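The values are calculated or read from the model by the stated rules, or taken from the named source; none is laboratory data. Please read these numbers as outputs of a predicted model, since none were measured by experiment. Don't worry about glycine lacking a Cβ; one is built from the backbone with ideal geometry, like all the others, and counts go over all protein chains shown. Just the protein is used for accessible areas: all its heavy atoms, side chains included, with ligands, DNA and RNA removed. Shrake-Rupley method; radii C 1.70, N 1.55, O 1.52, S 1.80 Å.
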Amino acid sequence: MTQAVTYERETKSVAFQGKIIVLESLTPVLPPKEKAQRKKELERCLYDVFSKYGDRFP
């Protein structure tokens, strides 16, 4: 059975070139264990990218 994912909504209005634009950010609400697992995977992927291209910047 698939669990329904709930999201936390953050809304912000900003002015851009004289117009008001509404920005909406949705963040999934995850159990602590799954959140930690996703964070660890993201950090690993970022490390792979930065270690690959890190020598190009002094």
Exercise. Could you give me the ³J(HN,Hα) list for region 13-24, computed from phi with Karplus coefficients 6.51, -1.76, 1.60 and θ = phi - 60°, whole Hz, x at Gly and Pro?
Worked result: 9, 10, 8, 9, 6, x, 10, 8, 10, 9, 9, 10
Problem set entry | Size of electric dipole in the chain: Cβ of Lys, Arg +1 and of Asp, Glu -1, about Cα centre, debye, nearest 20 | 40 debye
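Suppose all protein chains stay in the model; what accessible area per residue would a 1.4 Å probe give for the chain, in Å²?
Working: 6160 Å² over 58 residues.
Value returned for the chain: 106 Å² of accessible area per residue.
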For this session: For the chain, divide the Cα radius of gyration by the Kirkwood radius and give the resulting Rg/Rh value with two decimals.
Result: 1.18
For this session: With a 1.4 Å probe and every protein chain kept in, tell me what percent of the accessible surface of region 7-54 is carbon plus sulfur.
Result: 58 percent
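Calculate, in nm to one decimal, what A15 and R38 gain on full extension: separation in residues at 0.36 nm each, minus their alpha carbon distance.
Using 0.36 nm per residue and subtracting the Cα-Cα distance, I get 4.9 nm.
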Exercise. Which peptide among 6-18, 34-46 comes first, and what is the full order, when sorted by highest mean count of other Cβ atoms within 10 Å?
Worked result: 34-46, 6-18
